[in-house]
1. Which number in (1) out of contact with any strand residue (DSSP E or B) (no Cβ under 8 Å at 6 or more places or on another chain); (2) outside any loop (DSSP other than H, G, I, E, B); (3) modelled with pLDDT of 95 or more marks the one condition that residue B:107 misses?
2. Given the conditions (1) assigned to a strand (DSSP E or B); (2) without any contact (Cβ under 8 Å) to a residue 12 or more places away in the chain, which single one is not true for residue A:69?
3. Name every residue in the stretch B:129-158 that is in a strand (DSSP E or B), in contact (Cβ under 8 Å) with a residue 40 or more places away in the chain and within 18 Å of residue B:84 (Cα to Cα), in order of residue number.
4. For the stretch A:81-102, which residues satisfy the criterion of being farther than 20 Å from residue A:70 by Cα, surrounded by fewer than 19 Cβ atoms within 10 Å (Cβ to Cβ) and in contact with a helix residue (DSSP H, G or I) (Cβ under 7 Å, 6 or more places away or on another chain)?
């Protein structure tokens, strides 16, 4: 399975629930398209929920970084929620923990956008 | 070297050779090859007895290296091939992946951990392989291309 992305609105924050793999090919491009679609549609507070993402490769990480840049350049914010240990490790190895704001708890994450 | 010692060493070498199983594949420059290489390496890793965490690291390292070979090395060129070699012993897994690309100099690659490169879209694959595998070597192939060799050892008690 590639990645399944569903969105829901919590106040003015758009939560993207991701499930599956964000890897080179379909997974990474689906994620890129979703972020662009949301930003173009005026959604500028994005929370990416990675709780059910089993696998991210360097291409997936690259798309997350590009998504972060795209949203930031449009005056928006992209934050991360519920990372698995493996994704946490990846962010540590790549030093991207210093770039992304990461939350364990959805309520706290939503509140942080206020 | 005494005769007995030499004989003992020969027997040891023969035992080591007997214990090593090697698989070699020639793959097309496609993303399907990335999946099939990962599957083949993970089968060997499972036989050796790596735990789930190491299996993940090995699988990801193979994917990253295969993507480099298919996408950046051979640039999806249908006439170019990727060579995969898997050698396994009860304690060690060695994977060699070679392409027919133009090759590159690691010293000239941007450091993905430098502050100014953190927001770059790509360039993290080799960093992840180095973090996940116990040994990592990269060299130019003759007449052209790049060859990556990576090794993972079964942890003691693993």
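The values are calculated or read from the model by the stated rules, or taken from the named source; none is laboratory data. No experiment lies behind these values; they were computed from the predicted model shown. Note: ideal-geometry Cβ built from the backbone for every residue, glycine included; neighbour counts use all protein chains shown.
1. Of everything listed in (1) out of contact with any strand residue (DSSP E or B) (no Cβ under 8 Å at 6 or more places or on another chain); (2) outside any loop (DSSP other than H, G, I, E, B); (3) modelled with pLDDT of 95 or more, residue B:107 misses just condition (3).
2. Evaluating residue A:69 over (1) assigned to a strand (DSSP E or B); (2) without any contact (Cβ under 8 Å) to a residue 12 or more places away in the chain leaves (1) as the failure.
3. B:146, B:147, B:148, B:149, B:150, B:151, B:152 - these are the residues of the stretch B:129-158 that are in a strand (DSSP E or B), in contact (Cβ under 8 Å) with a residue 40 or more places away in the chain and within 18 Å of residue B:84 (Cα to Cα).
4. Across the stretch A:81-102, the qualifying residues are A:86, A:93.
Residue-wise test of (1) modelled with pLDDT under 95; (2) away from chain B (no Cβ under 14 Å); (3) not in a loop (DSSP other than H, G, I, E, B).
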{"position": "A:54", "(1), (2), (3)": "yes, no, yes"}
{"position": "A:59", "(1), (2), (3)": "yes, no, yes"}
{"position": "A:83", "(1), (2), (3)": "no, yes, no"}
{"position": "A:91", "(1), (2), (3)": "no, no, yes"}
{"position": "A:110", "(1), (2), (3)": "no, yes, yes"}
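Conditions tested, residue by residue: (1) assigned to a loop (DSSP other than H, G, I, E, B); (2) within 25 Å of residue A:90 (Cα to Cα).
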site: B:63; (1), (2): no, yes
site: B:66; (1), (2): no, yes
site: B:72; (1), (2): no, yes
site: B:77; (1), (2): yes, no
site: B:86; (1), (2): no, no
site: B:103; (1), (2): yes, no
site: B:111; (1), (2): yes, yes
site: B:127; (1), (2): no, yes
